[in-house]
Structure formats: structure tokens, C-alpha cells
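Peer 1: Take a look at this one; I'll ask things after.
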Amino acid sequence: MQLSTKHLLGIKGLLPSDIQLILDTATQFKEVLQRPIKKVPTLRDVTIVNLFFENSTRTRISFELAEKRLSADTINFTASASSVTKGESLLDTVNNILSMKVDMVVMRHSASGAPHFLSQHIPAAIVNAGDGINEHPTQALLDAFSIREKLGSLEGKKIAIIGDIMHSRVALSNIYLLKKMGAEIMVAGPPTLIPVYIKEALGVQVEYNLKKALEWCDVANVLRIQLERQNQVLFSSLREYSLAYGINKKILDDLNKEIIIMHPGPINRGVELSSDAADSKQSIILQQVENGVAIRMAVLYLLAGGKAEAN
């Protein structure tokens with residue numbers, strides 16, 4: 001089987017069969033990562049550039065590790081240390097990199113739609129590693145992989161996405177993916193952090209009461225407050241937010257069932273999650289990080305497609 005697309009620009013453009021193929025392929029690569037020698041020669045003649053115009057730790061390291069595990073040649077590009085600071089355009093930057101015969105571009109950018117723009121102008125395959133407040137497809141894929149690993153399937157499962165929905169590309173990609181795979185979605189948080197259109201536009205349930213959301217769900221995917229993306233005051237203080245929407249071990253223990261706790265990182269400990277909740281046995285946050293490498297290996301492998309097989 002092959003993906004129906006040349007690029008991974010977002011979950012919105014994927015078919016359910018594409019998602020299934022990526023998750024199943026990641027299962028095989030996760031097995032590779034358990035071996036004493038964790039490297040395979042699959043992408044030995046493929047050159048990948050990691051093009052990061054925005055700060056990143058986990059996503060960037062995860063992609064770099066995935067590329068090394070697949071034996072790809074990699075080039076790391078950081079905007080702050082490049083000619084972008086001298087006014088060079090995005091297209092000029094990428095064309096200069098492509099002149100070095102690059103096969104694939106992994107891109108993070110603060111502008112929504114930047115990877116889509118690039119895909120229309122250059123021949124290399126594009127992987128969106130996060131664009132503005134639009135999408136973060138590989139995060140949604142690794143979240144889905146982690147849920148499936150824990151619960152056996154996604155269909156019919158109840159997932160609550162809690163926190164700053166309005167500014168989160170992770171929330172949007174998760175909603176697209178989980179709906180395509182038959183899960184039920186609820187978003188929860190303060191009214192000021194949940195878009196008014198979301199219920200009608202995306203077909204999700206909306207809840208402003210944390211306890212009700214946790215009682216409803218099988219999985220709580222907890223998001224951080226993205227202060228860097230907010231251009232106005234949307235709640236009075238982090239302390240007030242934490243009192244109303246912060247999750248701690250006592251809240252989890254008081255539920256009449258055991259739910260799974262997830263977080264895409266970085267965690268603001270003591271705000272959206274207390275340490276005793278983040279580090280509890282219900283948390284699969286570290287498994288998400290581990291699964292991220294397998295998912296990104298699967299995406300790179302599948303997008304390299306025939307080239308990888310030919311070699």
C-alpha cells in the first residue's frame with residue numbers, strides 16, 4: 001500500500017486508509033526501536049532538510065532521531081542563524097537548499113499555510129512539523145498511535161481535549177484524525193479559549209466544566225496555555241486557570257473510573273497538570289515521546305515511497 005498524497009501537510013487532507021497505513025507502519029518501526037541495533041538502511045540515499053523557523057525541542061529531536069534511525073542524510077536549518085535574518089524570502093531560502101539536491105523538507109513555521117505554499121512551488125516532499133495555529137499532523141498521529149496502543153482501537157473511544165483549544169494546532173489535527181477514525185471528541189476549557197464555531201464546524205461536543213469532561217472521557221489530552229500566541233487577555237491569571245481547569249491526582253482519584261492522561265508537551269507543571277498527575281501511572285506522556293520517533297519514521301519512509309524501495 002502507498003499513501004494517497006506526496007506530502008504530509010495536515011490530517012485534514014488524509015484518507016482514513018492513509019492514517020491506518022501510517023499507524024500500522026509505525027508499529028513495525030517501534031519493533032525496530034526495541035532492538036539492540038536500532039538503525040535500518042531504508043532511506044540511505046535520501047537527503048532530508050529540517051527547516052525550523054520556530055523554536056522546537058521535542059519535535060525537532062524526534063524527527064532528527066527518526067531520520068538517523070532510517071540512515072537518511074540530514075541537514076539542520078535554523079532560521080535565527082540563517083540568511084532569513086537578512087531578509088531572504090522563504091522561497092529563496094528553500095530553493096537554495098534544494099539546489100543541494102534535497103529529497104524531503106521537514107518544516108515548522110509560525111505562519112499558517114507555509115508548508116502548503118511551499119508544496120506548490122518546489123518538487124521535494126514536504127512534512128509539516130507545525131504551522132502557526134493550523135495543524136501539527138505528526139503530533140496527532142503519535143497521539144492516536146499511543147491511544148490505540150493503550151486501548152486497542154480508536155473507534156468509539158471518548159477523547160476529551162482540554163485547555164487552550166483556540167490557539168492549538170495540536171487540537172485541530174487531533175480532532176480531524178480522531179473523527180476520521182470513529183472516535184467521539186469533546187473539547188473543554190474556559191469559554192474564552194474555545195472557538196465559538198467549533199461545535200457546528202467540526203462536530204465536537206463542548207464542555208466548560210472540567211469535572212464533567214473527565215467523567216465523560218476515556219482519554220484526557222491536556223494542552224498547555226499558549227501565552228505566546230495570545231494577543232489579548234483571555235483569563236485573569238494562571239492561578240485562576242489552574243484552580244478551574246488544572247488536573248491533579250486527587251481529581252483523578254475522585255473519578256468513578258480510571259482515565260488516560262496525555263500531553264503533547266511542554267508541560268506547565270502546576271498549571272494544566274500537577275506533577276503527581278503528570279507522573280502518575282495513568283499518564284502515558286513519556287510513551288507519547290517514544291512513539292513520536294516511530295510515527296515520524298513511518299511518515300518519512302512512506303513519503304520516500306518508491307525511492308527508498310528502489311535503493
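Quick note: the coordinates plus some simple rules give every number you see, no bench work behind them. Small disclaimer: the values here were computed from a predicted structure and weren't measured. Cβ coordinates were reconstructed from backbone atoms using ideal geometry, including for glycine residues, and neighbour counts include every protein chain displayed.
Peer 1: How high is the relative contact order of the chain, in percent, with contacts defined as C-alpha pairs under 8 Å that are six or more residues apart?
Peer 2: Details: 557 pairs, mean separation 66.7, N = 311.
Relative contact order of the chain: 21 percent.
Peer 1: Let me ask you something else. Which log10 I(q)/I(0) values, to two decimals, does region 137-288 give at q = 0.14, 0.15 Å⁻¹ under the Debye formula with one point per Cα?
Peer 2: Treating every Cα as an identical point scatterer, log10 I(q)/I(0) equals -0.61, -0.71.
Peer 1: Still on this structure, please answer the following. Quick check for me: using +1 on Lys/Arg Cβ and -1 on Asp/Glu Cβ, what's the dipole size of the chain about its Cα centre, in debye to the nearest 20? Before the final figure, lay out each step's value.
Peer 2: Working: 34 positive and 32 negative charges, 67 e Å.
Around 320 debye, computed over the chain.
Peer 1: If amide H atoms are built 1.01 Å from N in the plane of the peptide, which residues on other chains or at least 5 residues away come under 5 Å of the amide H of ILE247?
Peer 2: For ILE247, whose amide H was placed from the backbone, the distant partners under 5 Å are LEU273, SER274.
Peer 1: Between GLN2 and THR78, what length in nm is gained on full extension when 0.36 nm per residue of separation is reduced by their alpha carbon distance?
Peer 2: Numbers: separation 76, 0.36 × 76 = 27.36 nm, distance 3.15 nm.
Additional length available on full extension: 24.2 nm.
Peer 1: Taking amide hydrogens as modeled 1.01 Å from N in the peptide plane, which residues meet the under 5 Å criterion relative to ILE260, leaving out close sequence neighbours?
Peer 2: VAL219, ALA220
Peer 1: Give the lysines reachable from LYS39 as a straight Cα distance under 29 Å; neighbours fewer than 8 places away on the same chain don't count.
Peer 2: Within the straight-line limit of under 29 Å, LYS39 reaches these lysines: LYS6, LYS30, LYS68, LYS101, LYS150, LYS307.
Peer 1: Starting from the exponent 0.38 and prefactor 2.2 Å, build the expected Rg for the chain from its residue count and divide its actual Cα Rg by it. Numbers along the way, then the final one.
Peer 2: Details: Rg = 19.4 Å, N = 311, 2.2 N^0.38 = 19.5 Å.
After normalising by residue count via 2.2 N^0.38 Å, the value is 1.00.
Peer 1: Once R0 is set to 45 Å, what does the formula 1/(1 + (r/R0)^6) return for the Cβ-Cβ distance between LYS249 and ALA111, expressed as a FRET efficiency to the nearest 0.05?
Peer 2: 0.70
Peer 1: Using the Karplus equation 6.51 cos²θ - 1.76 cosθ + 1.60 (θ = phi - 60°), what ³J(HN,Hα) coupling, rounded to whole Hz, does each residue of region 49-65 give in order, writing x for Gly and Pro?
Peer 2: Karplus values, whole Hz, x for Gly and Pro: 10, 9, 10, 10, 8, 9, 4, 7, 10, 4, 4, 5, 4, 4, 5, 4, 5.
Peer 1: Calculate, in nm to one decimal, what LYS212 and LYS39 gain on full extension: separation in residues at 0.36 nm each, minus their alpha carbon distance.
Peer 2: On the way: separation 173, 0.36 × 173 = 62.28 nm, distance 4.53 nm.
Gain in length upon complete extension: 57.7 nm.
Peer 1: Among THR78, THR93, which comes first, then next, by fewest other beta-carbon atoms within 10 Å? Mind showing how you got there, number by number?
Peer 2: Details: THR78 14, THR93 18.
Going from least to most buried by this count: THR78, THR93.
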